[in-house]
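Readers should treat all values here as calculations from the given coordinates under stated rules, not as data from a laboratory. Just so it is clear, the structure is predicted and the values come from calculations on it, not from any experiment. Neighbour counts run over all protein chains shown; Cβ positions are idealised from the backbone, glycine included.
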Amino acid sequence: MIDSRFYKNKGPFSLAKIASVCDASLSDSGKSEVMINDIASIYSGKEGEICFFFDRKKKELAASIKTTACVTSPAFVSLIPQGVIILTCENPHDAFVKLNRFMYEEVLQPAGVHPSAAISPSAKIGKDCYIGANAVVGDNVTIGDNCYLEPNCTIGDNCVLGNSCRIGANANVMHAIIGNNVYIYGGARIGWDGFGFQTVNGRHERIPQLGRVIIGNDVEIGANSCVDRGALDDTVIGDGCRIDNLVQVAHNDKLGRGCILVAQVGVAGSCSLGNYVVAGGQAGFADHLEIGDMAQIGAQSGVMKNIESGTTVMGTPAIGARDFMKQAAYIQKLLKK
């Protein structure tokens, strides 16, 4: 059951309404007015709730479903126990997302400014914004409409946020220009110094970092991730990117549209990633690399050279996925000798 202290349940809803939201067909039209109170997992669901079943690897669990209704694909209908009302659609996973968005909303504070927030008189704040306790908004900051600034976050001088942005608790944004519908999760650090030093007479002297961070529209940057500002050129995060928790994006990096960087990925300075590049968890990139569109980087890969568009690589140093599999198979054979 979803905890109503954190998420508002807008139900109950009839199965007819749920079928409409999910673009699903109801197996028994006589059950269209049955009411559903909640969404549940196949493990814990009970009467009055609905679950989703779409995992081919867990077929054996279908028999244990105890919810009133289940959304599944036509291929799995025969696995659902008798008595469970079935809704079918081509993509139950998409339907799950649609119903979640329809049935629940996060409990957030209404628009307003907490008395403890520190907002510069020169800052421009849009309509219907929320600014939480101890948040700091610096000089000449511009914040668009419908933004949500959580407690203890900091927006540094001269930064720009578009409309419908959310800055998580304890996140810091400096030297940044941010588009619309951007969510920067709690603890993230945007626009701080890149890791640039030059050794002079045995001492590591810091190189001034004079660039910015430019973030496009519809971007999410996970908790405790870091996006460094450029040393001279800007660090750029393209539209639609999804950056997981604990990711490092270094100075001067350029991410194209729709890139996905999973947790603990580290991208060294001056790398250029094309559109829709995907990097699995803990993948690492050497500096000054060119990664082509649609490239896929396996988890824990060490990328040491440029990667062509559409290529899948794995391993350290990263090589083509087929070659990696051949190497792994060969090593296994050697171990058996």
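Points to keep in mind about this one:
- For the stretch 7-106, the gyration tensor built on C-alpha atoms gives a rounded shape. Its axis ratio a/c (a ≥ b ≥ c) stays under 1.5.
- The stretch 1-15 residues near the modelled PHE102 label - backbone nitrogen below 15 Å, point 7 Å along Cα→Cβ: 10-15
- Extreme residue, positive dipole direction of the chain, given options PRO12, ILE207, ALA111 (C-beta unit charges): PRO12
- Loop-located GluC sites (Glu not before Pro) in the stretch 52-158, at most 16 other Cβ atoms within 10 Å (DSSP): GLU90
- Computed over the stretch 38-182, the percent of Cα pairs more than 17 Å apart is 66.
- Computed over the chain: relative contact order in percent, which uses C-alpha pairs under 8 Å that are six or more apart: 7 percent
- Within the shell defined by Cβ-Cβ distances under 12 Å, the residues around ILE319 carry a net charge of +2, with Lys and Arg each +1 and Asp and Glu each -1.
- The stretch 102-140 and the stretch 226-246: distance between their alpha carbon centers, rounded to Å: 24 Å
- Order of HIS204, HIS175 - criterion: other Cβ atoms within 10 Å of each residue's Cβ, fewest first: HIS204, HIS175
- Residue order for VAL200, VAL313, fewest other beta carbons within 10 angstrom first, comes to VAL200, VAL313.
- Net charge dipole size for the chain [Lys, Arg +1 and Asp, Glu -1 on Cβ; Debye, nearest 20]: 1020 debye
- Among the chymotrypsin sites (Phe, Trp or Tyr not before Pro) found in the stretch 20-99, those both in a DSSP coil and sparsely packed, with 11 or fewer other Cβ atoms within 10 Å of their Cβ, are TYR43.
- Hydrodynamic radius by Kirkwood, which averages 1/r over all alpha carbon pairs of the chain, in angstrom: 22.9 Å
- Nitroxide proxy distance, nm - points 7 Å out along Cα→Cβ at ASP23 and SER309: 2.8 nm
- Near ARG242: Cβ cut-off under 10 Å, other residues only, Lys/Arg at +1 and Asp/Glu at -1. The net charge is -3.
- Dipole moment magnitude, nearest 20 debye, the stretch 171-322 about Cα centre, only Lys, Arg, Asp, Glu C-beta charged: 220 debye
- Of the trypsin sites (Lys or Arg not before Pro) found in the stretch 1-103, the ones in coil according to DSSP and having at most 15 other Cβ atoms within 10 Å of their Cβ are ARG5, LYS10, LYS46.
- Only beta bridges with both residues in the chain are counted; by DSSP, about 15 percent of them are antiparallel.
- Annotation for ASN9 and LYS57: the two label points, set 7 Å from Cα along the Cα-Cβ direction, are 3.0 nm apart.
- Modelled label positions at GLU90 and ASN224, each set 7 Å beyond Cα in the direction of Cβ, lie 4.2 nm from each other.
- Between ILE2 and ALA118, the contour length at 0.36 nm per residue exceeds the Cα-Cα span by 38.3 nm.
- The antiparallel fraction among DSSP beta bridges confined to the stretch 7-106 stands at about 40%.
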